[in-house]
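First comes the structure, then the notes that go with it.
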Amino acid sequence: MAGLWRSYQVLMTKYPWSVQIVTAGSLVGVGDVISQQLIERRGLAHHNVRRTARMMSIGFFFVGPVIGSWYRVLDRLVVGASKSAAMKKMLVDQLCFAPCFLGAFLSISGALNGLTVEENVVKLKRDYTDALISNYYLWPPVQIANFYFVPLQHRLAVVQIVAVAWNSYLTWKANKM
């Protein structure tokens with residue numbers, strides 16, 4: 001395991017953007033597999049591989065680039081690594097970024113699931129508030145620790161590891177019709 005982590009760190013040093021995007025897409029996919037197999041209990045015979053591929057594409061083309069860019073912007077907005085700076089970063093992240101990101105994630109998922117604009121709006125009205133409240137239970141303590149202890153280049157990976165559980169919930173929420 002230590003060798004795998006060292007290899008990951010070497011790749012992060014050489015190709016930080018690509019590795020962050022691949023990590024995000026892969027872990028969103030893992031979250032969907034967990035959602036289908038453990039939460040929805042579909043069984044392997046009824047696993048929706050297309051859905052997992054759609055969710056992975058959201059990870060590769062939306063989650064990874066957007067969150068990776070957001071952390072860079074956030075580090076410029078709130079400078080420092082003190083406890084106070086970590087708290088400020090968490091507040092900006094959770095009060096400004098998270099609500100927008102969550103709405104966009106659910107909307108993109110709906111569109112990729114073939115929902116019309118009207119159906120997507122209805123689904124957002126039904127699911128958004130519940131998902132945002134769930135977000136506030138999980139992410140503030142994770143983000144304070146992330147912003148205080150974790151170097152910028154590893155923040156997306158740390159978040160995505162925690163997010164395997166979150167992604168399982170989100171993919172279930174996003175695909176619940």
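The values are calculated or read from the model by the stated rules, or taken from the named source; none is laboratory data. Because the structure is a prediction, the values reported are computed rather than measured. As a convention, Cβ positions derive from the backbone with ideal geometry for all residues, glycine included, and neighbour counts pool all protein chains shown. Each accessible area value is taken on the protein alone, full model and side chains, heavy atoms only, with ligands, DNA and RNA left out. Shrake-Rupley method; radii C 1.70, N 1.55, O 1.52, S 1.80 Å.
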### Message
Within region 11-21, does at least one residue satisfy the condition of being surrounded by 14 or more Cβ atoms within 10 Å (Cβ to Cβ), within 21 Å of residue 168 (Cβ to Cβ) and either in contact with a helix residue (DSSP H, G or I) (Cβ under 6 Å, 6 or more places away or on another chain) or not small (Gly, Ala, Ser) (or both)?
### Response
yes
### Task
Kindly provide the set of residues from region 22-43 that are open to solvent by less than 60 Å² (accessible area, probe 1.4 Å) and not in a helix (DSSP H, G or I), ordered by number.
40, 43
### Residue count, region 71-81 (criterion: open to solvent by less than 60 Å² (accessible area, probe 1.4 Å) and within 10 Å of residue 92 (Cβ to Cβ))
2
### Task
Determine whether residue 158 is surrounded by fewer than 20 Cβ atoms within 10 Å (Cβ to Cβ) and closer than 13 Å to residue 34 by Cβ.
no
## Note on the structure
Subset of region 1-39, residues at pLDDT 90 or above and among the aromatic types (Phe, Trp, Tyr), comes to 15, 17
### Query
Can you tell me which residues in region 44-61 are crowded, with 20+ Cβ neighbours inside 10 Å and either aliphatic (A, V, I, L, M) or not in a helix (DSSP H, G or I) (or both)?
55, 56, 58
## Note on the structure
With the first residue restricted to region 24-47 and required to be without any contact (Cβ under 8 Å) to a residue 12 or more places away in the chain, and the second required to be surrounded by 13 or more Cβ atoms within 10 Å (Cβ to Cβ) and not in a loop (DSSP other than H, G, I, E, B), Cβ contacts under 7 Å at 6 or more apart or on different chains are 42/36
### Query
Is there any pair linking a residue in region 124-150 that is in contact (Cβ under 8 Å) with a residue 24 or more places away in the chain to one that is in a helix (DSSP H, G or I) and of a type in the set (S, T, N, Q), with Cβ under 8 Å and at least six apart or on different chains, and which?
135/94; 136/94; 139/94; 140/94; 143/94
